[in-house]
Every structure is written in C-alpha cells, then in structure tokens.
Amino acid sequence: MKHIEAVIFDWAGTTVDYGCFAPLKGFIDAFASKGVKITPAEARGPMGVLKIDHIRALAAIPHIKAELEQNLGHAVTDDDINELYNVFESTLLENLVAYSTVNPYVTETVDALRSQGICIGSTSAYTRAMMDRITSHVAKQGYVPDCCVCADEVSRGRPYPYMMWKNMSELDIADPRHVVKVGDTVSDIREGVSADAWTVGVVMGSSELGLNEDEVREISSEELLALKKKTFERFCEAGADYVIDDMRELPGIIGQINDQLREMEPHKLLTPGPLTTRRSVKLAQLADHCTWDDSYKKLTVGIMNDITKICADTDEYATVLLQGSGSYAVEAMIQTFCRDDEKLLIVENGAYGKRMIKQAEMAGKKYTVLSFDMCTAIDPKAVQKKLDEEPDIKTVMLVHSETTSGLINPLKEIAGIAKAAGKTVLVDTMSSFAAYETDLKAFGIDALASSANKCLEGLPVLAFVVATKKLLEGESCSKSLCLDLCDQYRYLYPDGKFRFTSPTTVLLALRRALDLYKLEGGLEARKARYQANHDALTEGMRRLGITSIVPEKWQSYIITTFDLGDISFADMYARLKADGFVIYPGKLTDKNTFRIGTIGDLYPKDYERLCKCLEEYLNSGK
Ligand SMILES: *Cc1c(COP(=O)(O)O)cnc(C)c1O
C-alpha cells in the first residue's frame with residue numbers, strides 16, 4: 001500500500017528557533033564588520049541555503065555590492081567572502097544555543113507521525129559543526145529526528161535535492177512521492193520540489209514571516225494577516241503543495257496525501273477505455289500549454305496527419321480532432337454527413353449501435369434500422385438485401401468492433417457492399433482503430449470515428465473523425481455548432497487551430513502515445529500483442545472452466561465477454577481490484593456476464609497473473 005513513509009523537516013525556523021533569528025544577527029554583524037548596514041529583511045532573503053552561499057547572495061545585491069566595494073577599495077574577492085563568513089560563523093556559534101528552543105507543537109506532531117510508522121528525517125543549511133552545537137539541547141526538549149543531513153555533507157545544498165536523497169538513502173526510502181518536506185523558507189520548498197517530494201510550508205515561526213513570538217502577539221491582527229498572506233504566496237510561488245499555519249495541521253495533510261496516493265495506486269484497467277497507459281504518456285501531461293502558438297498548432301497538425309496515415313493517405317483524407325468522448329465523434333458524423341431528408345441505415349448488434357439510433361433520432365435524421373442479436377455478427381447478405389429493398393437509403397452506418405459483446409463485424413464485406421451500391425459509409429471504429437485494419441479506401445469507407453483513449457493508448461477525452469476531404473470540404477448538414485465537423489475542419493486546416501478550447505494536456509499525451517505506437521511497430525505489432533493477450537486470457541479462463549459467450553469466429557481480441565454463472569460480480573470485482581486489476585461488468589441484457597479487455601499497455605503476463613488471482617478467489621469461496 002502506498003503511503004507517506006517519511007517527513008523531512010528543516011531545522012531553524014521550522015522545528016527550532018521560532019522566527020529563525022540565530023543566523024540573522026550573524027549576517028548583519030558580518031556585513032557591519034565591513035561597514036555595510038543591511039536590513040533584517042535583506043539578511044533573510046536567501047535564508048535556507050548553505051550559509052557561505054547565503055553570504056555570496058547578499059554580497060551580490062547591487063547596493064550592498066557597491067558599498068562593500070567602496071569600503072574595501074576593490075571588487076569583492078573570495079577572501080572577502082571568507083572574512084565575512086568567519087564573522088558570521090563566530091556570531092552564529094555564540095547565538096545558536098540561545099536560539100535552540102523547539103517550536104510549538106513540534107514534539108507532539110513528531111510523536112503523532114511516528115505512531116503512524118512515519119520516519120523523521122531532517123536537512124539544514126547549517127554545517128555539521130553548527131548543528132553539533134544544538135542537537136543535545138534540542139534532544140533534551142524531546143526532539144530527536146531519525147536522520148540529520150547538513151548542507152556541508154553533500155556536494156551542493158539547497159535548492160539541490162541531495163540532502164533529501166541522503167536522508168532517503170539512510171532511511172531506506174526509494175520513492176520521493178512517499179516523502180514530505182516541511183520547511184519555513186522558499187529554499188526549503190525548492191529543495192522538496194527538486195527532490196520530487198511533497199512540500200509543506202509552515203507560516204508561523206518561519207523566516208519568511210520573520211517575527212518572534214512577542215512580535216506575533218504585539219502586531220495588529222490585520223498586519224499579521226497581511227504578512228501571513230505574503231508568506232503564503234511566497235511558498236506557493238516556490239511550488240509548495242500545502243501551506244500550514246503550524247505543525248498541528250501536518251497529520252491531517254498527511255492523511256490527505258495518503259488518500260491521494262491510494263487513488264494513484266497503479267491499476268491494470270482491463271476495460272475498453274480509458275485504458276492502462278504507459279507512464280510516459282501520463283507524464284507528457286505535466287505541462288501547461290497555450291493553444292495558439294506555432295509549436296502547439298504544429299503538434300496538432302502532426303497528430304492529425306499521423307492518425308490519417310494509420311488508415312488512409314493524406315491527399316484524399318483528413319483527420320478532424322474533436323473535443324469530447326468517442327460518442328461525440330459518432331454523433332458529429334451523423335450530424336454533419338447525413339441530410340435530414342435522406343435515409344440513413346443503421347446496422348446494429350449491440351449497445352453502441354443502439355446509441356447511434358438514439359443519436360440519429362435526436363438529430364432529426366430520417367433513418368431505418370437493421371438489427372442482429374448481440375452475439376451474432378452482422379450478415380453482409382442481409383445488408384445487401386436491405387439495400388436492394390430500400391433503394392432510397394443514402395448512408396450506411398455500423399460499429400466495427402462491438403465493445404458490448406466483444407464481437408468483430410465483417411467491416412470490409414459490409415462496407416464493400418454499401419460502397420458498390422453507391423452509399424456513403426460511416427463507421428464507428430472506436431475500439432478497433434489502430435488494432436484492426438480499417439483502410440478507408442480499400443474498404444470503401446467515407447468516414448470513421450475513434451478516440452485517443454482506445455487502441456492508440458492515449459488519454460480521454462479526445463475524439464476524432466477521419467473522412468474524405470470531399471465530405472469535409474462539402475456542405476455541412478449539422479444543426480449543432482459544436483458537432484459540425486466541416487466547421488471544425490476549416491479551423492484545423494491548414495495550420496492546426498482548434499475552434500474552441502482544446503484539451504492541451506490530452507493532446508500532448510496523444511503525441512507521446514502515437515510515437516509509442518510507431519516505436520512498437522504500428523498496426524501489425526499492436527495486433528500481435530492484443531492477440532497474444534487475448535490468447536493468454538482465454539487459455540487461463542478455459543482452465544478455470546469459465547467460458548466466453550461470443551462464438552470464436554466472431555470473437556475480437558479487443559474485449560471478451562465471459563459467463564459469470566452464479567459468481568457475484570461485486571465480490572469478484574472487489575477482490576481483483578485489491579490484486580490491482582479492474583474488470584468490467586457485462587453488458588448483455590439476457591445473461592450474467594463480465595468483460596475483460598485485452599487492449600492498453602498490457603501483456604500476456606498480466607493475463608496469466610489475472611487468471612491466477614481469479615483462481616485464488618474462486619478457490620477461497622469453495
Ligand atoms: C468506447 C466506445 C464508444 C465511445 O464511447 P464514449 O464513452 O463516448 O467514449 C463508442 N463505440 C464503441 C464501439 C466503443 O467501444
């Protein structure tokens with residue numbers, strides 16, 4: 001189970017030395033020794049970094065630099081920095097013990113965290129020599145972290161993550177997402193961010209707030225609120241995940257993070273979309289991207305061309321991306337390409353075909369239906385017969401891979417018949433695109449609809465239609481603005497501008513998914529992997545005595561429906577979810593079934609393990 005394993009605290013200003021005053025006097029004294037007056041606010045600016053770097057940063061502030069140079073009579077040298085540092089260090093060492101009181105609520109919070117099995121690490125901008133002055137005083141007050149790394153014990157201090165890494169190594173924690181960094185300065189937060197840990201800024205007692213406990217009591221509540229607000233902003237700007245008033249809030253924050261980690265547990269989704277995706281596909285989303293600049297438009301055009309090339313040539317055909325789930329693209333085809341007064345034939349054998357009927361009905365299109373049983377493939381001869389009987393049919397629509405049952409319809413034959421009869425052919429290839437051949441020209445298809453989150457193994461919610469340019473450049477029949485593919489096409493071509501807000505992060509992920517598709521070896525490789533998944537699944541299920549419903553000759557390698565018998569779906573679902581698998585309920589109306597998808601970033605080994613887990617579950621019930 002994923003959960004927070006360590007909290008790594010900063011020292012001065014966070015767990016000891018309320019307001020972080022010990023170093024402050026050192027910096028002021030150091031510069032005073034060269035006749036330069038610096039303000040407490042200036043002295044605090046770089047707080048949290050290794051102290052010699054802190055001196056360097058102060059000496060680089062323009063007015064301080066100018067005064068120093070004037071008083072020294074030359075440009076500031078390393079020797080001058082070292083002299084400043086020596087004054088700083090001697091003042092600090094004198095002051096350290098006086099400022100080593102443990103801050104309010106620290107020991108109680110540490111106890112509460114430890115009682116949850118959480119380790120306590122620590123990092124400091126102090127050197128080991130400085131730290132050695134205070135640890136025994138702090139220990140007497142009841143605060144002893146399990147690990148302490150000082151800035152001079154790593155090659156670089158904050159904001160570099162090396163002190164965090166040394167803590168993690170000593171505490172034997174491998175995943176930085178199981179670590180929380182708590183600190184009182186901007187450089188603390190940056191250290192946590194660069195380590196990829198969770199970060200929490202503490203406001204009260206912080207160097208950022210810069211007040212001692214008396215000052216906190218004395219200033220007006222308005223003033224305090226304004227200072228706290230500024231501190232909050234500084235932490236957020238540095239990338240803090242959370243900002244708390246004081247340590248009492250920390251256990252609650254850790255509870256929230258644990259909830260989030262639990263939600264982020266990797267599950268193998270054995271569903272027909274959204275699917276299990278590659279890590280780099282998900283990571284591609286970690287960027288805020290605007291929609292109008294050239295690089296984004298280029299990305300859009302590149303994606304559309306790559307999609308088109310999977311099933312057609314880019315001279316005659318084009319892809320139109322459409323914001324929304326797959327059904328939006330199917331409905332957009334109906335809206336855009338079917339005239340109200342011309343008859344549409346919907347050939348259906350499942351829930352997705354039935355959805356088309358509803359979409360045609362609501363769009364006010366004239367339509368007729370040819371239905372088959374959910375476990376029977378569409379018969380091309382019956383389609384031929386229907387077209388012969390009703391010559392006023394102008395358009396034929398069907399679903400290629402009926403995800404309801406897991407059946408694959410003979411698309412090539414049906415489309416061929418319809419095309420030969422001069423009809424417009426529109427196909428829902430939602431769950432077959434990029435895994436089955438869907439060659440538009442060879443098959444005689446005018447337009448197909450699919451989405452990013454099926455066999456392309458991208459993320460939801462982004463759909464697309466690949467159609468002949470003749471249709472896209474022709475007159476639109478759409479009575480919906482959002483679903484008008486011709487209008488969308490006019491914006492997207494030639495330079496990739498989305499009509500309305502585009503799903504930027506999903507598009508970035510789709511770019512990565514398409515690259516992976518090519519890398520894997522395209523259609524043939526994906527076909528082979530899904531087929532191998534399907535074979536491993538059916539073989540394992542056969543051994544468990546669980547039978548599939550759809551006759552083998554019509555069974556796809558996309559998703560498979562199994563007979564549940566008297567097994568409880570809810571029980572089985574919960575048990576398999578605990579094992580890291582998410583299965584899918586059945587959708588057949590007349591039988592107790594469940595479905596297992598074999599698409600996504602999944603491999604035969606996953607199905608072998610699934611069947612083993614299922615076997616254990618079945619045995620445990622007997
Ligand atoms: C997934 C799917 C759809 C689209 O469903 P949405 O929930 O709108 O994404 C349509 N048809 C088939 C065959 C599908 O598998």
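In the range 152-289, the ratio of gyration radius to Kirkwood radius, Rg to Rh, stands at 1.06 when only Cα atoms are counted.
Computed packing ranks the peptides 560-567, 225-232, 9-16 as 9-16, 560-567, 225-232, most packed first, by mean other Cβ atoms within 10 Å.
Treating each Cα of the chain as one equal point scatterer and applying the Debye formula with no solvent, the log10 of I(q)/I(0) at q = 0.12 Å⁻¹ comes out as -1.09. Accessible surface area normalised per residue over the range 368-509 is 35 Å², counting heavy atoms of protein chains with a 1.4 Å rolling probe.
When the alpha-carbon atoms of the range 275-432 are used, the pair Rg, Dmax equals 17.9, 55 angstrom. Given in Å, the Rg to one decimal and the Dmax to the nearest whole number for the Cα atoms of the range 582-622 are 12.3, 33. Of the Cα atoms belonging to the range 18-76, the radius of gyration and Dmax stand at 11.1, 38 Å.
Our estimate of slack between residue 2 and residue 225, defined as 0.36 nm per intervening residue step minus the Cα-Cα distance, is 76.6 nm. Look at the dipole of the chain built from charges on Cβ: of 84, 592, 125, the Cα furthest out on the positive end belongs to 592. What is the percent of Cα-Cα separations in the range 513-622 that go past 23 Å? Tail fraction, whole percent: 29. Taking a sphere under 13 Å around the Cβ of residue 59 and counting the other residues whose Cβ falls inside, with K and R at +1 and D and E at -1, yields a net charge of -4. The range 247-314 gives an Rg/Rh value of 1.18, both radii derived from C-alpha positions and Rh following Kirkwood. Looking at the chain, the DSSP beta bridges with both ends there are about 40 percent antiparallel.
Of the heavy-atom accessible surface of the chain (probe 1.4 angstrom), what whole percent is carbon and sulfur? Its accessible area is 52 percent carbon and sulfur atoms.
Taking a straight line from the alpha carbon of residue 37, these lysines sit under 27 Å away, with near neighbours fewer than eight places off in the same chain left out: 25, 51, 65, 228, 230. Think of each Lys and Arg Cβ as +1 and each Asp and Glu Cβ as -1; about the Cα centre, that makes the dipole of the chain roughly 2140 debye.
Here is the list for the range 240-342: GluC sites (Glu not before Pro) lying in DSSP coil, each with at most 15 other C-beta atoms within 10 angstrom of its C-beta, are 316, 342. Around the Cα centre of the range 268-371, unit charges on the Cβ atoms of Lys, Arg, Asp and Glu (plus for the first two, minus for the last two) sum to a dipole of about 580 debye.
Pairs from the list 423/469; 298/423; 441/587 with a Cα-Cα gap above 27 Å: 298/423; 441/587. Sites listed here are trypsin sites (Lys or Arg not before Pro) in the range 16-95 whose DSSP assignment is loop and whose Cβ has at most 13 other Cβ atoms within 10 Å: 37. Could you tell me which of the pairs 343/385; 386/479; 527/591; 181/229; 497/518 are separated by over 19 angstrom between their Cα atoms in the structure shown? In this structure, 386/479; 527/591; 181/229; 497/518 exceed 19 Å between Cα atoms. The slack in the chain from residue 577 to residue 366, taken as 0.36 nm per residue of separation less the alpha-carbon distance, amounts to 71.5 nm. The convex hull built on the alpha-carbon positions of the range 366-442 has an orientation-averaged projected area of 5.1 nm². Counting only lysines at least 8 places from residue 268 when in the same chain, those with an alpha carbon closer than 18 Å to its own are 2, 282, 454, 577, 605, 612.
Annotation: residue 367 carries an accessible surface of approximately 70 Å², with a 1.4 Å probe and no ligand, DNA or RNA atoms counted.
The values are calculated or read from the model by the stated rules, or taken from the named source; none is laboratory data. These figures come from a predicted structure and were not determined experimentally. Counting neighbours? That spans all protein chains shown, and the Cβs are built from the backbone with ideal geometry, glycine included. Note: areas computed on protein heavy atoms with side chains; ligands, DNA, RNA excluded. Shrake-Rupley method; radii C 1.70, N 1.55, O 1.52, S 1.80 Å.
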